[in-house]
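The values are calculated or read from the model by the stated rules, or taken from the named source; none is laboratory data. Fair warning: this is a prediction, and the values are worked out from it, not measured in the lab. In this analysis, Cβ positions are derived from the backbone assuming ideal geometry, glycine residues included, and neighbour counts consider all displayed protein chains. Please note that ligands, DNA and RNA were not included when accessible areas were found on the heavy atoms of the full protein model with its side chains. Shrake-Rupley method; radii C 1.70, N 1.55, O 1.52, S 1.80 Å.
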Amino acid sequence: MKEPIRIAVTGGAGQIAYSLLFRLAAGELFHNQPIALHILEVPAVLSQLEGVKMELLDCAFPHLQEIVIGSDPHKVFEGVNFAYLVGAKPRGPGMERKDLLEANGRIFQGQGQALSDAAAKDVRVLVVGNPCNTNCLIAIHNAKNIAPQQFQAMTRLDENRAKAFLAVKAQCPVSSITNCTIWGNHSSTQVPDFLHTKIDGKLATEVIKDTTWLQTEFFKKVQGRGAEIIQARGKSSAASAASAAIDAMRSLITADSTTYSSAVYSANNSYGIDPNLVFSFPCKSVSKGNWEEVKGVEWDQFLETKIRASEKELIEERDLIKDLL
Ligand code: NAX
């Protein structure tokens, strides 16, 4: 039998995983190839994860060859080729930003070390659990046997949201929107770049001539969409986050030169961003699993101010967890 592609998902009993696991198992990322799911959870909810495993089995997915579950990252990450780090601690009552960063930082410190020790050498890691950029930076610094370029944090949901808003405004299908990327942090300081976005091959600013809308309402809508979903649903985005997580990994392994957003390690970046951050840039895949930053994107004053504010926020986050690097 063909050796399966091993995919780790953490936070397996949580709401994003409840969508992500079934889409992976259905073969949306690796069509017609056997896969094994390695699912990590904290001990307290392992019984719930057992239930998720039962449901995965009950789907009788033809390409799902194996399901490993557990709460020891060293065991669960054994031999994995791809890892979705979704599980994280939510902000509890009275918790300060520093406490949240630290609590999550410890999780990603341990998981970075475990991936480094146990995963396949060519593993590709996508950090989804928030604060995802800084969690990813911590994992990178603690994964001594894995190149930083093998990690990314997810800003693809933000890109997808930006595209969807632009498509509604321009009254065109979402597939007409290209080159729409996010700079910076996956937070309310993120920068959706409408200046270089294209709509049916034309600059978005030529199609949507209302610059005030682009600079204010559009920006606020993208930056505040997560909060808007919580307000409406009573829970944070889950199915859309899982969908973006599939998109992000698909883009990484599809070397077709399409530009996409990804928060990657900023060493040697060509934009003068602090070189020790995980920062969202326009990226493209140059070969299966290997990305490159898209160079030469010129910022106007508006973008530059916003991008620098997001960089400042990431530097502040890094300062709060510097002992974990
Ligand atoms: P849930 O609270 O539903 O699930 C999280 C799960 O992670 C829980 O079952 C918990 O037990 C588990 N967990 C906690 N610590 C763990 C550890 N050390 N090892 C393994 N599992 C652990 O959250 P969900 O809605 O699934 O969201 C997960 C994370 O994604 C959150 O941090 C959330 O903020 C983040 N998001 C990131 C997005 C992005 O675009 N990067 C968008 C969606 C989402 O907000």
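Pairing residues of segment 87-111 that are in the same structural domain as I230 (by TED's automatic domain parsing) with residues that are among the acidic types (D, E), at Cβ distances under 6 Å and at least 6 apart in sequence or on separate chains, gives no pairs at all. Determine if segment 163-171 includes at least one residue that is part of a loop (DSSP other than H, G, I, E, B), open to solvent by less than 60 Å² (accessible area, probe 1.4 Å) and over 30 Å from G112 (Cβ atoms). No - not one qualifying residue is present in segment 163-171.
For (1) under 24 Å from D247 (Cβ atoms); (2) assigned to a strand (DSSP E or B); (3) more than 16 Å from the ligand (Cβ to nearest atom), each residue gets a yes or a no:
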residue: A44; (1), (2), (3): no, no, no
residue: E50; (1), (2), (3): no, no, no
residue: A60; (1), (2), (3): no, no, yes
residue: V80; (1), (2), (3): yes, no, no
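Checked against the criteria, L101 counts as within 14 Å of the ligand (Cβ to nearest atom), closer than 21 Å to A241 by Cα, open to solvent by less than 10 Å² (accessible area, probe 1.4 Å) and touching a Pro at 6+ places or on another chain (Cβ under 8 Å).
Between T181, T216, T197, the distinction of being of a type in the set (V, I, T), under 21 Å from E293 (Cβ atoms), away from the ligand (no atom under 12 Å from the Cβ) and without any contact (Cβ under 8 Å) to a residue 60 or more places away in the chain belongs to T197 only. Comparison of A167, A263, A204 shows that the only residue that is on the phi < 0 side of the Ramachandran plot, outside the structural domain of V86 (by TED's automatic domain parsing), within 16 Å of the ligand (Cβ to nearest atom) and touching a Ser or Thr at 6+ places or on another chain (Cβ under 9 Å) is A263. Any residue at all in segment 16-37 that is in a strand (DSSP E or B), without any contact (Cβ under 8 Å) to a residue 60 or more places away in the chain and closer than 27 Å to S236 by Cα? Scanning segment 16-37 turns up at least one residue that is in a strand (DSSP E or B), without any contact (Cβ under 8 Å) to a residue 60 or more places away in the chain and closer than 27 Å to S236 by Cα. Exactly one residue out of R156, R250 is buried (at least 18 other Cβ atoms within 10 Å of the Cβ), within 16 Å of the ligand (Cβ to nearest atom) and among the basic types (K, R): that is R156. Picking from residues in segment 1-20 that are more than 11 Å from the ligand (Cβ to nearest atom) and within 18 Å of F77 (Cβ to Cβ), the one that is surrounded by the fewest Cβ atoms within 10 Å (Cβ to Cβ) is E3.
Counting the residues of segment 11-54 that are farther than 14 Å from N81 by Cα and touching a helix residue (DSSP H, G or I) at 6+ places or on another chain (Cβ under 8 Å) gives 16.
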